[in-house]
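Notes follow once the structure below has been shown.
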Amino acid sequence: MSQKVLLTSKEVNIILHRLACQLIEKHLDFSNTIIIGLQPRGSFLAKRIVQLLQEEYQVKNIKFGLLDITFFRDDFRRGEKPLEANKTEIDFIVEDKKVIFIDDVLYTGRSIRSALTAIQSFGRPSEIELLVLIDRRFSRHLPIQPDYRGRQVDAINNEKVKVCWTENEGEDTVYLV
């Protein structure tokens with residue numbers, strides 16, 4: 001199985017800083033904004049963005065949570081093996097707040113559709129935005145687009161984008177597999 005490096009560790013770091021700055025431009029002090037990482041893969045990116053905002057850009061009091069969408073997926077009972085659920089960690093209400101969903105790769109849009117349904121259990125946000133590291137633009141099944149994107153990738157259907165994080169795989173690299 002051949003792999004092509006799409007983003008090196010240095011490029012990932014530059015993109016993370018750019019995305020953090022774009023969020024600051026739009027949300028300033030984050031007083032009415034909530035950041036939600038989509039479990040499992042979006043949680044690594046979301047935690048890294050929140051860490052950058054707090055440590056590098058001195059943004060205080062960021063409301064941050066993790067959302068598991070497993071039981072909201074439209075393919076929940078379609079696979080051979082059962083899906084494993086992750087933990088939702090949201091200890092606040094999102095009513096009338098601006099919510100930023102963060103995921104690593106936007107592919108078909110189905111995970112985001114599931115997240116839109118799942119977040120309603122915590123209230124009705126005033127606005128929802130989407131931040132992704134990789135946008136696979138020609139593979140949507142639903143009309144969903146990111147508000148913030150790290151890199152746009154044109155991958156043919158049998159190719160996969162693999163995002164590796166230091167916390168999980170020991171490196172910050174994005175591959176086309």
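The values are calculated or read from the model by the stated rules, or taken from the named source; none is laboratory data. Treat the numbers as computed from the prediction; the structure is a model and nothing was measured. Quick reminder, even Gly has a Cβ in these numbers, built from the backbone with ideal geometry, and neighbours come from all protein chains shown. These accessible areas exclude ligands, DNA and RNA; they are computed on the full protein's heavy atoms, side chains included. Shrake-Rupley method; radii C 1.70, N 1.55, O 1.52, S 1.80 Å.
From the list Ser139, Ser114, which one is surrounded by 15 or more Cβ atoms within 10 Å (Cβ to Cβ) and at pLDDT below 95?
Ser139
Can you work out which of the residues in segment 103-151 that are among the hydrophobic types (A, V, I, L, M, F, W, C) and free of Cβ contacts under 8 Å to residues at least 24 places away in the same chain is farthest from Gln22 (Cα to Cα)?
Looking at residues that are among the hydrophobic types (A, V, I, L, M, F, W, C) and free of Cβ contacts under 8 Å to residues at least 24 places away in the same chain, I get Phe138.
State all residues of segment 85-97 that are in contact with a helix residue (DSSP H, G or I) (Cβ under 7 Å, 6 or more places away or on another chain) and either within 14 Å of Thr33 (Cα to Cα) or crowded, with 18+ Cβ neighbours inside 10 Å (or both); if no residue qualifies, say none.
Of everything in segment 85-97, those that are in contact with a helix residue (DSSP H, G or I) (Cβ under 7 Å, 6 or more places away or on another chain) and either within 14 Å of Thr33 (Cα to Cα) or crowded, with 18+ Cβ neighbours inside 10 Å (or both) turn out to be Ile90, Ile93, Val94.
Return only the number of the condition from (1) at pLDDT below 95; (2) farther than 23 Å from Gly123 by Cα; (3) hydroxyl-bearing (Ser, Thr, Tyr) that Tyr57 does not satisfy.
If we test Tyr57 against (1) at pLDDT below 95; (2) farther than 23 Å from Gly123 by Cα; (3) hydroxyl-bearing (Ser, Thr, Tyr), just (1) comes out false.
Looking only at segment 49-71, decide whether some residue is open to solvent by less than 80 Å² (accessible area, probe 1.4 Å), among the polar types (S, T, N, Q) and touching a strand residue (DSSP E or B) at 6+ places or on another chain (Cβ under 7 Å).
no
When you scan segment 116-133, how many residues do you find that are of a type in the set (Gly, Ala, Ser) and closer than 21 Å to His27 by Cα? Spell out the reasoning first.
Restricting attention to segment 116-133, the residues satisfying the condition of being of a type in the set (Gly, Ala, Ser) are 118, 121, 123, 126.
Next, only the ones that are closer than 21 Å to His27 by Cα stay: 123, 126.
The qualifying residues number 2.
Look through Ser31, Ser9 and report the one residue that is free of Cβ contacts under 8 Å to residues at least 40 places away in the same chain, open to solvent by 10 Å² or more (accessible area, probe 1.4 Å) and small (Gly, Ala, Ser).
Within the list Ser31, Ser9, the selection yields Ser31.
Considering only residues of segment 1-53 that are among the aliphatic types (A, V, I, L, M) and at pLDDT below 95, which is farthest from Ser126 (Cα to Cα)? Can you show your working first?
So the first thing to find is which residues in segment 1-53 are among the aliphatic types (A, V, I, L, M), and the list is 1, 5-7, 12, 14-16, 19-20, 23-24, 28, 34-36, 38, 45-46, 49-50, 52-53.
Going one step further and asking which of them are at pLDDT below 95, we end up with 1, 28.
Working: Met1: 45, Leu28: 17 Å.
Going through the qualifying residues, I end up with Met1.
Checking the structure you have, find out if any residue of segment 82-97 is modelled with pLDDT of 90 or more, out of contact with any strand residue (DSSP E or B) (no Cβ under 6 Å at 6 or more places or on another chain) and at positive phi.
For segment 82-97, residues modelled with pLDDT of 90 or more, out of contact with any strand residue (DSSP E or B) (no Cβ under 6 Å at 6 or more places or on another chain) and at positive phi: present.
Give the number of residues within segment 23-51 that are under 15 Å from the mean Cα position of the chain (by Cα) and either part of a helix (DSSP H, G or I) or among the hydroxyl-bearing types (Ser, Thr, Tyr) (or both).
Of all residues in segment 23-51, those under 15 Å from the mean Cα position of the chain (by Cα) come to 23, 34-51.
Within this subset, residues satisfying the condition of being either part of a helix (DSSP H, G or I) or among the hydroxyl-bearing types (Ser, Thr, Tyr) (or both) are 23, 42-51.
The number of residues fulfilling the criteria is 11.
How many residues does segment 39-62 contain that are among the aromatic types (Phe, Trp, Tyr) and under 20 Å from Ile134 (Cα atoms)? Spell out the reasoning first.
Our first condition is that a residue be among the aromatic types (Phe, Trp, Tyr); within segment 39-62, this holds for 44, 57.
Subset that is under 20 Å from Ile134 (Cα atoms): 44.
Residues meeting the conditions: 1.
Taking segment 98-111 as the search range and keeping residues that are at pLDDT below 95 and open to solvent by 50 Å² or more (accessible area, probe 1.4 Å), which one is farthest from Val163 (Cα to Cα)?
Looking at the filtered set, the residue picked out is Arg110.
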